[in-house]
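**Q** Let me begin by handing over the structure; questions about it come next.
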Amino acid sequence: MLAIHLTQFGEPEQSLKVVDVPEPPAPAAGQVLIQVEYAPLDHHDLLVAQGIYPVRPRLPSVIGNEGAGSVLAVGPDVTHVRPGDTVLLPFGTFSWSEQVLAEAAKLTVVDRSISLDQAAMLTINPVTAGLLVEARDLPPGSWVAQNAANSGVGRSVIAFAKERGLRTINIVRRAELVTELEDLGADVVVVDSADAGARVRAVIGSDPVLLGIDGISGTATMLLLDVLTEGALLVVYGYMSGQPFTPDPDRLDAKKITTTEFWMYQDEYLPRHPALNAESARLVAEGKLVLPSAPVFKAADFPEALAYLRKNGKVLLDFNPHRS
């Protein structure tokens with residue numbers, strides 16, 4: 001069967017190879033055999049390949065951080081998962097292979113009304129958003145401010161915040177995104193500019209803003225600091241600017257703002273993953289969360305998929321050999 005192996009840490013174009021490998025054995029007790037349907041190829045996968053991501057598998061190894069599949073067979077004593085179910089691949093089950101074995105206890109079964117390609121993108125961006133929104137216990141009606149609001153995480157933050165009765169302040173780079181994000185449920189959307197903080201205040205008045213979510217870092221962090229109020233928590237989860245998180249400490253001290261960096265696979269967050277996987281699937285099924293679409297490439301065409309990612313962004317790899 002087809003799989004994609006990381007053969008050495010380094011440049012993905014040289015280190016990621018399409019290979020033929022034996023099929024997995026029949027599932028043992030507590031295991032499930034899964035036909036991988038779709039698995040994303042995203043920039044964080046390239047960080048794994050380059051050896052600069054916290055996850056470093058023993059090589060050679062299949063990689064791939066998320067995906068969805070159909071259950072082919074279950075091991076003895078597995079009762080909550082059945083052949084034919086659509087499941088989300090859990091953390092630790094590398095997805096870039098036609099078939100994989102996974103621990104049944106870690107699987108999330110999703111409603112068949114959710115398309116397989118949407119299901120394949122449920123376990124990273126939406127779960128990250130859910131954890132970020134939960135970074136501080138806020139009462140309903142509170143404001144949450146974020147940059148990178150048009151990203152996959154940012155759009156999911158809007159949905160999760162709305163589900164919890166929170167209101168969102170969203171900073172974007174392009175004016176045409178304002179109406180688009182408002183249609184998704186964003187409460188306030190402003191275009192990145194030096195006076196963004198003042199324009200937010202013109203809308204929300206003197207309301208406190210006690211949680212900030214930073215996916216860009218660098219100079220973009222300064223706009224969030226303008227919006228946040230005294231005693232706020234600023235959570236940094238991404239560095240889309242390519243710049244480090246180096247805010248002026250005087251500005252932090254003036255408002256007594258606490259900062260923390262976030263990685264969804266920290267031990268403290270892992271117990272929340274199954275519930276947030278299920279909530280993400282429910283929100284998609286109910287039409288409350290719409291994940292950005294991505295072009296699909298057959299897994300055998302991995303080099304072309306990688307070239308597309310480099311120029312345009314996230315793609316989906318199709319690992320079902322029976323799908324035309």
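The values are calculated or read from the model by the stated rules, or taken from the named source; none is laboratory data. Being a predicted model, the structure only gives us computed values, none of them experimental. Because the Cβ atoms are built from the backbone with ideal geometry, glycine has one as well, and the counts that use them run over all protein chains shown. Only protein heavy atoms, including side chains, enter the accessible area calculation; ligands, DNA and RNA are left aside. Shrake-Rupley method; radii C 1.70, N 1.55, O 1.52, S 1.80 Å.
**Q** Could you work out what % of the accessible surface of segment 270-318 is carbon and sulfur, using a 1.4 angstrom probe and leaving DNA, RNA and ligands out of the count?
**A** Carbon-and-sulfur percentage of accessible area, whole number: 59.
**Q** Find out how many positive minus negative residues lie around N65, taking Lys and Arg as positive, Asp and Glu as negative, among other residues whose Cβ is under 11 Å from that of N65.
**A** Details: positive: none; negative: D42, D45, E66.
Net charge around N65: -3.
**Q** Write down the accessible area per residue of segment 116-212 in Å², having rolled a 1.4 Å probe over the full set of protein chains. List each step's numbers first, then the result.
**A** Working: 3550 Å² over 97 residues.
On a per-residue basis, segment 116-212 sits at 37 Å².
**Q** Which Rg and Dmax, in Å, describe the Cα atoms of segment 213-309?
**A** In order Rg, Dmax, the Cα atoms of segment 213-309 give 18.3, 55 Å.
**Q** Same structure, new question: Given H placed 1.01 Å from N in the peptide plane, which residues other than close sequence neighbours of Q99 have an amide H under 5 Å from its amide H?
**A** For Q99, the qualifying residues are V36.
**Q** So which aspartates and glutamates can K314 reach, going by Cα to Cα under 14 Å and dropping same-chain residues fewer than 8 places off?
**A** D42, D45, E66, D117, E304
**Q** Something else: Count charges around P76 for me, please; just the other residues with Cβ under 15 Å from its Cβ, Lys/Arg as +1, Asp/Glu as -1. Spell out each step's value before the answer.
**A** Values: positive: R82; negative: D77, E103.
Within the 15 Å Cβ shell, the charges total -1.
**Q** Moving on to the next point. Convex hull over the Cα atoms of the chain, averaged projected area in nm²?
**A** Across all orientations, the chain yields a mean hull projection of 16.9 nm².
**Q** Could I ask something else about it? Scaled to the compact-protein estimate 2.2 N^0.38 Å, what is the alpha-carbon radius of gyration of segment 1-94, rounded to two decimal places?
**A** Cα Rg divided by the expected 2.2 N^0.38 Å: 1.17.
**Q** Would you mind telling me the share, in percent, of accessible area of segment 182-260 contributed by carbon and sulfur at probe 1.4 angstrom?
**A** 54 percent
**Q** What whole-number value in Å² describes the accessible area per residue of segment 71-111 for a 1.4 Å probe?
**A** For segment 71-111, the per-residue accessible area is 44 Å².
**Q** Under the rule of at least 5 residues apart or a separate chain, name every residue whose amide H is placed under 5 Å from the amide H of T108.
**A** L88
**Q** Still on this structure, I have one more. Based on alpha-carbon atoms only, what is the radius of gyration of segment 187-259 relative to the globular estimate 2.2 N^0.38 Å?
**A** Numbers: Rg = 11.7 Å, N = 73, 2.2 N^0.38 = 11.2 Å.
Output field value: 1.04.
**Q** Next up: Two decimals, Cα atoms only, Kirkwood Rh: what is Rg/Rh over segment 93-187?
**A** Using Cα coordinates only, the ratio equals 1.05.
**Q** I've got another one for you. If I take the Cα coordinates of segment 147-299 and project them onto the principal axes, what are the three extents in Å, biggest first?
**A** That works out to 49, 37, 32 Å along the principal axes.
**Q** Something else now. How large is the Kirkwood hydrodynamic radius of segment 249-306, counting all unique pairs of alpha carbons, in Å? Intermediate values should be presented prior to the final figure.
**A** Numbers: mean 1/r = 0.0628 Å⁻¹.
Radius from the Kirkwood sum: 15.9 Å.
**Q** If packing is taken as the average count of other Cβ atoms within 10 Å, what order do 251-261, 141-151 fall into, highest mean first?
**A** Result, highest mean Cβ count within 10 Å first: 141-151, 251-261.
**Q** Here's something else I'd like to know. Can you pull out the trypsin sites (Lys or Arg not before Pro) in segment 150-196 whose DSSP state is coil and whose Cβ has at most 15 other Cβ atoms within 10 Å?
**A** Values: sites: R155, K162, R164, R167, R173, R174; in loops: R164, R173, R174.
Hits after loop and neighbour filter: R164, R173, R174.
**Q** In segment 49-168, what percent of the accessible surface is made up of carbon and sulfur (1.4 Å probe, ligands and nucleic acids excluded)?
**A** Working: 2190 of 4490 Å².
Ligands and nucleic acids excluded, carbon and sulfur reach 49 percent.
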